[in-house]
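The structure under discussion appears below in the form of structure tokens.
The values are calculated or read from the model by the stated rules, or taken from the named source; none is laboratory data. The model shown is predicted, which means the values in this text are computed figures rather than measured ones. As a convention, Cβ positions derive from the backbone with ideal geometry for all residues, glycine included, and neighbour counts pool all protein chains shown.
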Amino acid sequence: MSAPLIHETAVVDEGARVGGGTRVWHFTHVSSGSTIGERCVIGQNVFIGSGVDIGDGVKIQNNVSVYAGVTIAADVFLGPSCVFTNVLTPRAHIERKDQYAPTPVGRGVTVGANATIVCGHALGDYALIGAGSVVTKDVPAHAVMVGNPARRTAWACRCGEVLPEDGVCARCGDEYEVTEHGCRWVKSGE
């Protein structure tokens, strides 16, 4: 694995770990105590807070801040200018660092451009959050969420396609058990 590529304008604090093959682009700040996995792409003007863990193969587009309390699993895509919060009732004059609400982002999740993820809510594996959506509750695995507040409109395959009612992905052939309340991968289409 090749060494990480860190652009000369990026700031990677002492104590931060950046995995092999990862690229960190212009004007990004990676805080001490954070960990970025291998083969990630961290776009320009990104902020990674202290203690944040980011899995392998993650792509973070421009102008995203990932604050303390957020955990990003492998193969996640964070669209341009999406937002994570970490305190439910912030006030400028009251420090609430002891109230960071955990926000786990599951494997293979996509968060669209300008979406907002309110802290304390889990995004299940392979969920797809539409551009501009506002997530105010936990999101089940494979759920397609759109709107403000975000509501489930469909289920998504691991490859990102919206699943038809029969649960067989038209793109990759993977099969899912789909109900009104959940979606579960059954077998690969290969």
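Filtering A170, A131 for residues that are in a loop (DSSP other than H, G, I, E, B), of a type outside the set (D, E, K, R) and farther than 29 Å from G49 by Cα leaves a single hit, A170. Select from segment 75-90 the residues that are aliphatic (A, V, I, L, M) and more than 9 Å from the chain's Cα centre (by Cα) and write down the one among them that is modelled with the highest pLDDT. Applying the filter and picking the extreme gives V83.
If you check I36 against the conditions, is it under 25 Å from H142 (Cα atoms), surrounded by 18 or more Cβ atoms within 10 Å (Cβ to Cβ), among the β-branched types (V, I, T) and under 12 Å from the mean Cα position of the chain (by Cα)? No: the conditions fail for I36. Out of segment 139-171, which residues are exposed (fewer than 15 other Cβ atoms within 10 Å of the Cβ) and more than 22 Å from L78 (Cα to Cα)? Passing the criteria: P164, E165, D166, A170, R171.
For L88, state whether it is touching a Cys at 6+ places or on another chain (Cβ under 8 Å) and more than 19 Å from N45 (Cα to Cα).
Values: touching a Cys at 6+ places or on another chain (Cβ under 8 Å): yes; more than 19 Å from N45 (Cα to Cα): yes.
Criteria met by L88.
Exactly one residue out of G57, G33, G51, G20 is in contact with an Asp or Glu (Cβ under 6 Å, 6 or more places away or on another chain) and either assigned to a strand (DSSP E or B) or within 23 Å of G106 (Cβ to Cβ) (or both): that is G57.
Quick one: count up the residues across segment 67-115 that are of a type in the set (S, T, N, Q) and part of a loop (DSSP other than H, G, I, E, B).
Quick first cut of segment 67-115, residues of a type in the set (S, T, N, Q) only: 71, 81, 85-86, 89, 99, 103, 110, 114.
Checking the rest, the ones that are also part of a loop (DSSP other than H, G, I, E, B) come to 81, 85-86, 89, 114.
Residues in segment 67-115 being of a type in the set (S, T, N, Q) and part of a loop (DSSP other than H, G, I, E, B): 5 in total.
Taken over segment 134-148, the criterion of being in a loop (DSSP other than H, G, I, E, B) and either more than 23 Å from E165 (Cβ to Cβ) or of a type in the set (D, E) (or both) is satisfied by T136, K137, D138, N148.
The residue pairs whose first member lies in segment 23-35 and is more than 13 Å from V64 (Cβ to Cβ), whose second member is acidic (D, E) and in a loop (DSSP other than H, G, I, E, B), and whose beta carbons are closer than 7 Å, counting only pairs six or more residues apart or on different chains, are S31/D13; S32/D13; S32/E14. Name the pairs whose Cβ atoms lie under 9 Å apart, with the first residue in segment 81-100 and farther than 18 Å from I60 by Cα and without any contact (Cβ under 8 Å) to a residue 60 or more places away in the chain, the second surrounded by 15 or more Cβ atoms within 10 Å (Cβ to Cβ) and among the acidic types (D, E), and 6 or more positions between them or separate chains? Close Cβ pairs satisfying both conditions: none exist.
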